[in-house]
Amino acid sequence: MRIGHSVDVHQFDPDKQLILGGVKISFKGLRGHSDADVLLHVVAESILGALALGDLGNLFPDTDSQYKDKESKFFVTEALKLCKSHGYLINNIDCMILAEKPKLINYIHDIRKNIANLLEVNISQVSVKATTTEKLGFIGKGEGIMATATVLIKEGSNEK
């Protein structure tokens, strides 16, 4: 078994649509080279970390125009392919979203379901939580969103 962890931060961009975990949310979006889905970024990057393959910037640099405005599910799919090619499967993943606004309780189930589908696992293997920073720091001031993810991968294959 191997563990990977990732943290990512994006500032708000009022000209974009907010996407978290592949789910569109009615709120101002996040600034980034891709679609800026901070949650899917940490999901993908935690898998890369568990495999000791570096971070998203190493494999998918923001200086490469082919990743401009790319849907972040692409990065998760690519990370999963790498995971499988190295002989590992996702055991479980635990994610945290830190945002003062918007309130995310009504989106959590759909986000979990989407991440489970992308990772080809059961929804019971995907935890997504959300919290605030009690109005402290850049998150509390409404300047952006932070996300973290910790993944546990195990040796194995999908073959039955």
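The values are calculated or read from the model by the stated rules, or taken from the named source; none is laboratory data. Bear in mind the structure is a predicted one, so any value in this text is a computation, not a measurement. All Cβ positions, glycine included, derive from the backbone under ideal geometry; neighbour counts span all protein chains shown.
Would you check if Ile47 is out of contact with any Pro (no Cβ under 9 Å at 6 or more places or on another chain) and either of a type outside the set (Phe, Trp, Tyr) or surrounded by fewer than 21 Cβ atoms within 10 Å (Cβ to Cβ) (or both)?
Yes, satisfied.
Yes/no matrix, rows are residues, columns are (1) closer than 19 Å to Val128 by Cα; (2) β-branched (Val, Ile, Thr):
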| residue | (1), (2) |
| --- | --- |
| Asp13 | no, no |
| Ile19 | yes, yes |
| Gly22 | yes, no |
| Lys28 | no, no |
| Arg31 | no, no |
| Leu39 | yes, no |
| Gly57 | no, no |
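Could you grab the pairs with beta carbons closer than 9 Å, sequence gap of 6+ or different chains, first residue in the stretch 125-142 and more than 15 Å from Asn106 (Cα to Cα) and modelled with pLDDT of 95 or more, second one part of a strand (DSSP E or B) and charged (D, E, K, R)?
Val126/Asp94
Quick check, is Gly49 in a strand (DSSP E or B) and under 14 Å from the mean Cα position of the chain (by Cα)?
no
Here's a check for you: in the stretch 26-41, which residue that is in a loop (DSSP other than H, G, I, E, B) and of a type outside the set (Asp, Glu) is nearest to the chain's Cα centre (by Cα)?
Of everything passing the filter in the stretch 26-41, Ala36 is nearest to the chain's Cα centre (by Cα).
With the requirement that a residue be within 20 Å of Val121 (Cβ to Cβ) and in a strand (DSSP E or B), what does the stretch 63-98 give you?
Once the filter is applied, which keeps residues that are within 20 Å of Val121 (Cβ to Cβ) and in a strand (DSSP E or B), the stretch 63-98 yields Tyr88, Leu89, Ile90, Asn91, Asn92, Ile93, Asp94, Cys95, Met96, Ile97.
Against the definition (in contact with a Pro (Cβ under 8 Å, 6 or more places away or on another chain) and exposed (fewer than 13 other Cβ atoms within 10 Å of the Cβ)), how does Ser26 come out, yes or no?
Spelling it out, Ser26 is indeed in contact with a Pro (Cβ under 8 Å, 6 or more places away or on another chain) and exposed (fewer than 13 other Cβ atoms within 10 Å of the Cβ).
Among the residues of the stretch 129-144, are any crowded, with 17+ Cβ neighbours inside 10 Å, in contact with a His (Cβ under 9 Å, 6 or more places away or on another chain) and not hydrophobic (A, V, I, L, M, F, W, C)?
Within the stretch 129-144 (the criterion being crowded, with 17+ Cβ neighbours inside 10 Å, in contact with a His (Cβ under 9 Å, 6 or more places away or on another chain) and not hydrophobic (A, V, I, L, M, F, W, C)), the answer is yes, since at least one residue qualifies.
Go over the candidates Lys135, Lys154 one by one and state the one that is assigned to a loop (DSSP other than H, G, I, E, B), farther than 19 Å from Gly22 by Cβ and either charged (D, E, K, R) or within 14 Å of the chain's Cα centre (by Cα) (or both).
Just one listed residue meets the conditions, Lys135.
Say we look at the stretch 25-46 and pick out the residues that are touching a residue at least 60 places away in the same chain (Cβ under 8 Å) and aliphatic (A, V, I, L, M); which of these is nearest to Leu119 (Cα to Cα)?
Here the answer is Val43.
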